[in-house]
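A.B. asks: Sharing a structure, written as C-alpha cells. Questions coming.
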Amino acid sequence: MNILIAGATGKTGRILTQDLLDRGHSLTALVREGSDTSCLPEGTKLRHGDLTDLQPGVCDGADVVIFAAGSGGSTGPEMTEKVDRDGAMRLIDLAKDAGAGRFVMLSSIGADQSDPTGDLAHYLKAKHAADEHLKNSGLTYAILRPVSLTDSGRSADVVLGGQVDKSAKASRADVAAVLAEAATTGGLDGQALDMQSA
C-alpha cells in the first residue's frame, strides 16, 4: 500500500513509520519545509506540506492517509485550531478528493465529547470537530483515542473500546501498532475506539 502520514516526525509517528515500512508498505511523510527529517527511517519518501495551509494534491497517490500530527502541548489555542482541527479537516477533504481508500485518525481520549471541560477542553473540542468531520466525510475511517501516552515499549496486549480505563496509560509503541493494523487491515473500519495498553 501507498501510505501518507501527517505527523511522521513525531514520537508516535516515527514508530508508526518504521512499523509500516517493516510490513513492506510504501511510506510518504507529509512534512513542513525545513523540518528535521533525520529521525525518519530509511526508505521514507517526503512530501512537503504545511497543515496550516495544505495545498491540493498532497494526498495524491495515497491508498491510506494517517493523521498522527499535533500542534504540541506548548502551543496556544490558535495553533491547536489550525493544526488539530482545521488541518486535520482539510487533510480529510484532500484525501477524499484524491480517492484514498481509508483515513486513520489518531485522536485522544475524551474527544468523543462535544462539550468537554477541564484543562484540555480546547484541544478536545478541536479533536472532536475533526473526528466528526471524518465520520461524515464518506471516507472509510478508523479513529483511535488513546489514554495518556508513555514512551514505554510494546506491551503484551492492548484494550480497545468500552473496557478502557480512562486513567490508564498507553505506550506510543502500542498506539503505533494499532494504527498500523487499522491502516493496513481494515479491522477497525467504521469505528472510533478508546485504547490503553494492557
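Any read-out appearing in this document is the output of simple, stated calculations on the displayed coordinates, not a laboratory observation. Remember, predicted model here, so these are calculated numbers, not experimental data. Note that we place each Cβ from the backbone using ideal geometry, even for glycine, and neighbour counts take in every protein chain shown.
A.B. asks: Tell me, in nm to one decimal, what length is gained between residue 52 and residue 78 on full extension, where the rule is 0.36 nm per residue of separation less the Cα-Cα distance?
C.D. replies: Roughly 8.3 nm would be gained on extension.
A.B. asks: Right, something else. Looking at the range 118-198, what % of its DSSP beta bridges pair antiparallel, to the nearest 5?
C.D. replies: 25 percent
A.B. asks: Now a separate question. Given a Förster radius of 35 Å and the C-beta distance between residue 97 and residue 148 as r, what FRET efficiency does 1/(1 + (r/R0)^6) yield to the nearest 0.05?
C.D. replies: E between residue 97 and residue 148, to the nearest 0.05, is 0.50.
A.B. asks: Further, regarding this structure: Only bridges with both residues in the chain count here: give the DSSP antiparallel percent, nearest 5.
C.D. replies: Antiparallel bridges make up about 10 percent of those DSSP assigns within the chain.
A.B. asks: Here's something else I'd like to know. Sorted from largest to smallest, which semi-axis lengths in Å does the alpha carbon gyration tensor of the chain give for its equivalent ellipsoid, taking the root of 5 times each eigenvalue?
C.D. replies: 22, 20, 17
A.B. asks: Please give the calculated 222 nm ellipticity per residue for the chain, where each DSSP H segment of at least 4 residues contributes -39500 (n - 2.57) and the sum is spread over every residue; nearest 500 deg cm²/dmol?
C.D. replies: Dividing the helical sum by the residues of the chain leaves -8500 deg cm²/dmol.
A.B. asks: List 195, 1, 105 from most exposed to least, where exposure is judged by having the fewest other Cβ atoms within 10 Å.
C.D. replies: Lowest count first: 1, 195, 105.
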